[in-house]
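Taking it in order: structure first as structure tokens, then the write-up.
Laboratory data are not the source of any read-out in this text; all were calculated from the coordinates shown. Predicted, not measured: the structure shown is a model, and the values here were computed from it. Ideal geometry is used to build each Cβ from the backbone, glycine not excepted, and the neighbour counts take in all protein chains shown.
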Protein chains: 2
Amino acid sequence: MTLLLTPDQSLTTLGAALRTTLDGSFARARAQGRAALPADNLLRDPTQTMPEARQWVLDRLRELVEHGPAADGVPHSAGELGSPQGQVVAFELLSHGDLSVTIKSGVQFGLFAGAVGNLGTEWHRDTYLERIRSLDILGCFAMTELGHGSDVQSLETTITFDPETDEFVVHTPVPAATKAYIGNAGLHGSMAVVFGQLVVSHQRHGVHAILVPIRDEAGRDLPGVTTADQGHKGGLVGVDNGTISFDQLRVPRRMLLDRYGGVDADGRYTSSIESPNRRFFTMVGTLVRGRVCISAGAGIAARRGISIATRYALKRRQFPAPGRSNGVLLLDYLTHQRRLLPLVARSYALGFAQNNLNELMVKVQGGAAHTDADQRELETWAAGLKSITTSFANSALQTCREACGGAGFMSENQLTALRSDVDIFATFEGDNTVLLQLVTKSLLGDYRQVWGELDRAGVVQATARAVGDSVMEWSGASVLLERLTSAARRQPDQLAMVDRSWQALMFTERERHSVESLARRMRAAAKSDGDHFEASNRLGDHVLFVARAYLERRVFDAFLTGVDGCADREARQVLERLLSLYALSSLDADRAWFVEHNRMSTARSKAIGEQLSSLCRELRPHALPLVEGLGIPEAWLGARLLES
Amino acid sequence: MTLLLTPDQSLTTLGAALRTTLDGSFARARAQGRAALPADNLLRDPTQTMPEARQWVLDRLRELVEHGPAADGVPHSAGELGSPQGQVVAFELLSHGDLSVTIKSGVQFGLFAGAVGNLGTEWHRDTYLERIRSLDILGCFAMTELGHGSDVQSLETTITFDPETDEFVVHTPVPAATKAYIGNAGLHGSMAVVFGQLVVSHQRHGVHAILVPIRDEAGRDLPGVTTADQGHKGGLVGVDNGTISFDQLRVPRRMLLDRYGGVDADGRYTSSIESPNRRFFTMVGTLVRGRVCISAGAGIAARRGISIATRYALKRRQFPAPGRSNGVLLLDYLTHQRRLLPLVARSYALGFAQNNLNELMVKVQGGAAHTDADQRELETWAAGLKSITTSFANSALQTCREACGGAGFMSENQLTALRSDVDIFATFEGDNTVLLQLVTKSLLGDYRQVWGELDRAGVVQATARAVGDSVMEWSGASVLLERLTSAARRQPDQLAMVDRSWQALMFTERERHSVESLARRMRAAAKSDGDHFEASNRLGDHVLFVARAYLERRVFDAFLTGVDGCADREARQVLERLLSLYALSSLDADRAWFVEHNRMSTARSKAIGEQLSSLCRELRPHALPLVEGLGIPEAWLGARLLES
């Protein structure tokens, strides 16, 4: 069934089964999306000048709104909820083509429409959403300032209420408050959602967002607005990023996106959320979809590169060898397998994790019942997966470029464009390092809560097993993972390294021990005299380790659950090995830690490398189906090196 | 004295002393070069179209030939030896600006003139060198073929002698023999040095090189020649790479670059080197200067990025903290220190190593007395340092881009251009993975030789210490390193981790043990029945490990020797810490290995991270002088983000 919906008629049976498994609960939506995407015009000519690229991208975006999925999931009006699933699947689909189009679409529909839809109220939604959907209005999401990137709470732009005229005055008080790196601000945007400090009757109420017009129909800056084009970038050349500053720009009161806080007709500030801090995080929390989409898009970009490099390695021969007088296929070199196959494994792992994240987002934002804890988990998971997926995409694409040698550097083979476009994914929608810190902060908060309760009940004094299980409960592990971990706890060293329960125990222990010891060190730092900043600053590396340990465990858990749901016997066998390749690669990267913390013997640690090589050899014959399973139709790769 | 020669009048005293130390025996040449470089036109406008970029690069190269160092060191005629030091210093200088210019210069002077000068005889040198120097002739180095990148011995282009007409016939027998990725072939080249299989009287004599005209004065392909433009690339957009194929192109006999083998007037093949294999490697060996230059250039590119990111981290504040209400300077975050300062340390380490490599090249190629072993060491060291320096440049520049956040992605801040231009350095002049394999192969050859002798003398049965010392002798360690290692051998665990002798022992042991165990496994593989390719293929990872262990030890040794020669007390103190930061970072990356092989206790292994943090904190106050010491004049960085 699914096969009929894809543009690839030539998949191997195994490839098709792998693809369906990896697509998971989104299999139908994704297959339909792939079948319907207008694919004639997927990739951009790299020789375009910047102005040509921007125009091409805008034209392509219009095409994808009219005949494609670009605006899928965006509500038309106040009455509609919109579809989070529709949006993320559309974003993934767009990521199969030129990423400037994807990002321009993300700016317009994810960020701009997202802010109007989530932070605005009925009037904003009814007045603007349809015009945003149709690209009648192109908009900016003006959050970042020159002086304030990651630190959104310190924004300096002011939004001051003037009761005399019933207007807001939007102002850039210092050059550092200039909005910067804003998509659509360089050229095409006619409105912007501007984030700034709300001031009512000389009182500050923290960061709020307001909708302002910035350009007239001829594309000129409106009075009080100064935009500037930030020009050429290291990638995404088709997106017009720019700066915006305001000189006492006046807009009517109703332009404030006042769902969580606004000014009533009497000029008084009102909000349903009392704590300014909580209000801020609630507002920012609604924008989580951007991170979910960026993560999903980076995952697809990595899959495109991995597909190109692996397919090339199945064609290209180099150096004759005994019994191989025509030269050895690149993928028959163990060193080449060790470069590419772990990327395939991690790509699947992150794909299953993305499914899990998408599902959580659909639950929280799709109108179903959900708790505050769900919302918090969504934010943490989105921040974390965005960080590790975009980092992975960057390093994987570089490896793929190098694995294709000189050919990989030719623009016609797509890898360098992918690589340079994905670069900034590591920074926008949250700097990856800052996001990892945020993950750990959130974990420690949850930890403190659960741990405090345990402590009162005296459970912390109980057996290691009870503590371990409680942590797992706290950290949202699946029942399957819990079961495996418990089973392994008795005699871990008796288990094979490819044994799922041993792997489960290692992933869990890395997370549990590192978060516990960090919590201890944090408590000590808080109690210390002297410079409090320095005391916690010293824990910087530990903070990042905890985030990674948590995220790797979650990714492992998602992969585990994904394989568990695979009904196809052959696909399942291959996925079992692939899961081991992912798991052991992750453990291998920290094997010093496991030995240092007595979780692994040196004999076992030393044997991981050989085990990874064995897994690569076992998976080598399935390389093509594995790449097919990644879901990128071969015809869409557009790499000349695969043609001959 | 040196200070007066630099364009930076504002260096700190410490910065100036560090710069002089890092410049080492090339301090005067480099300082003079920096003072004389025409620096008005260093960087290229990133919005140029590809044709504009190519023209700009050609114009700039002409400027740098007339008024700058581009052709420095290239001989004018047969009587001159040329200056290897002049060439590598010129290449470094050019690497301070647009890298397309650097590479176009490298193609012309390093590769094309290098082949004519090193493989040609008197007539070629007298006829062509001056015209190449003046850019009257722009030339190609046509080695790589579509089907044969790293595997040069398998080239399929034929150079067949026709005794009837006393000519050579250059021919492309199959599409895979098309010359590809050739600089100057896309547009500007009028001649090419073509590598192919020499055939005389139906007998093959292996790969030789011949000089052929490819385009007429109007830029049209000559009869028998077909060039094609390979168009847009992921970087180095100003270099015109292209393909060349030949259809029975005839050139006079004297065009063969016949220093190591040619055809005499009677139509007989003659060569001073009997073994075809040895002849091939002798010819290729003369071209080692290209690798030395690429390594040097990549080192400079990395320094430019590290200078930008570190200077930015000394200006940029983000997130307020207790006692830091204006925000914390990025470089005061330990996580940021841990990202950037190890790059500074490694950059110094590789810089000292590059000095060592340059000196060896000057010795071997500069007319002084030298042995075959020197030549072999030069080739191994050049291959290895090229590999690790270009890999470092790529990853360092990416880290620097990310460390500058969104600003790092704007082309005006230079990091993305550096990053995309340096990308291909990992592939050209030898794929980095293949080069590491070559290093290990060469080490095993030397090892076998020394070890064979030791074995006959019964020394292998002697104490570990004797064996260790012999290996050090074999592997070309400095006297200083030998002394330190011997001192540490007695009670290594009693030494501090910042103790130089402990570090020396660790670097030496990693190299010694890994090469010994590989040699054992290789012997076993050679004796095994079954598929010989698979038997050695399985050792792929071990092969790469050995190369890295050897190279890291050599880099450590060069850093050690460099610091030892530093007369300035304050600079020396800082460099001592920097050397520890490099050394412990290198050991940290393999700390699992050290524990697994009983070279390090788990307690010590576990403590390395804290030690790295301490070193970063201690070096933090010296960040600016350290960056000044990297030698890139601030005014040349051209990054807008440093202006405000």
**Complete:** Expressed in nanometres to one decimal, the distance between label points 7 Å along Cα→Cβ at B:S201 and B:R220 is 4.0
**Relative packing of peptides B:222-233, B:496-507, B:368-379, A:67-78 - highest average C-beta neighbours within 10 Å first** = B:496-507, A:67-78, B:222-233, B:368-379
**Message:** Could you give the length gained by full extension between B:A369 and B:T602, i.e. 0.36 nm per residue of separation minus their alpha carbon distance, to one decimal place?
**Reply:** 79.0 nm
**Complete:** Between the modelled labels at A:E52 and B:K441 (7 Å from Cα along Cα→Cβ) the distance in nm is 4.3
**Request:** Please list the non-local residues whose amide H lies under 5 Å from the amide H of B:E167, H modeled 1.01 Å from N, same-chain partners needing a gap of 5 or more.
**Result:** B:D162
**Message:** Rounded to the nearest 20 debye, what is the charge dipole size of chain B about its Cα centre when +1 sits on each Lys and Arg Cβ and -1 on each Asp and Glu Cβ?
**Reply:** 2140
**Prompt:** For label points placed 7 Å from Cα toward Cβ, what is the shortest-first list of nm distances from A:D166 to its copies?
**Reply:** 10.2
**Request:** Rounded to whole Å, how close does chain A get to the rotation axis onto B by Cβ? Give me the residue too, please?
**Result:** A:A592, 2
**Complete:** CD proxy, 222 nm, chain B: helix-only mean residue ellipticity via -39,500 (n - 2.57) per DSSP H run with n ≥ 4, per residue, nearest 500, stands at -18000 deg cm²/dmol
**Complete:** Between the modelled labels at A:S275 and B:V284 (7 Å from Cα along Cα→Cβ) the distance in nm is 6.7
**Prompt:** Considering only the other residues whose Cβ falls under 13 Å of the Cβ of A:V174, what net charge follows from Lys and Arg at +1 and Asp and Glu at -1?
**Reply:** -2
**Complete:** With the charge dipole of the protein assembly as shown built from beta-carbon charges (+1 for Lys and Arg, -1 for Asp and Glu) about the Cα centre, the Cα from B:N355, A:H542, A:H370 projecting farthest to the positive end belongs to A:H542
**Message:** Once the label point is set 7 Å along the Cα-to-beta-carbon vector, what list of distances in nm do you get between B:R278 and its counterparts in the other copies?
**Reply:** 8.5
**Message:** Around A:L43, under 12 Å between beta carbons, what's the net of Lys plus Arg minus Asp minus Glu among the other residues?
**Reply:** -1
**Item:** Inter-chain Cβ neighbour average for residues A:554-561, partner chain, 10 Å
**Value:** 0
**Projected area, mean over directions - the protein assembly as shown, Cα convex hull, nm²** = 50.0
**Prompt:** Shortest first and in nm to one decimal, what separations exist between B:A603 and its copies in the other chains, measuring from label points 7 Å along the Cα-to-beta-carbon line?
**Reply:** 2.5
**Fill in**
For chain B, the longest principal axis of the Cα atoms and the Cα long axis of helix B:540-564 enclose an angle in degrees, to the nearest 10, of 70
**Complete:** Total charge of the residues flanking B:L93 in space, meaning their Cβ is under 10 Å from its Cβ, with Lys and Arg +1 and Asp and Glu -1, is 0
**Message:** Between 0 and 90 degrees, rounded to the nearest ten: what's the tilt of helix B:500-527 against the longest Cα principal axis of chain B?
**Reply:** 50
**Message:** Checking the cross-link filter: which lysines have an alpha carbon closer than 23 Å to that of A:K386, excluding same-chain neighbours under 8 positions apart?
**Reply:** A:K104, A:K233, A:K363, A:K441
**Item:** Folded to 0 to 90 degrees: helix B:479-489 orientation relative to chain B principal axis, Cα
**Value:** 50
**Prompt:** If you take the beta carbon distance between B:E80 and B:E516 as r and set R0 to 60 Å, what does 1/(1 + (r/R0)^6) give as a FRET efficiency, to the nearest 0.05?
**Reply:** 0.85
**Efficiency of FRET from Cβ geometry, A:D229 and B:S10, R₀ 45 Å, rounded to 0.05** = 0.85
**Message:** Order these by the 10 Å Cβ neighbour count, fewest first: B:Y348, B:Y269.
**Reply:** B:Y269, B:Y348
**Asked** In whole angstrom, how far apart do the alpha carbon centroids of the stretch A:50-90 and the stretch B:321-365 sit?
**Response** 44
**Prompt:** Among B:G86, B:G15, B:T49, whose Cα sits farthest toward the positive end of the charge dipole of the stretch B:13-133 (+1 at Cβ of Lys/Arg, -1 at Cβ of Asp/Glu, about the Cα centre)?
**Reply:** B:G15
**Complete:** tail above 21 Å in the computed P(r) of the stretch B:53-157, as % of all Cα-Cα pairs, reads 37
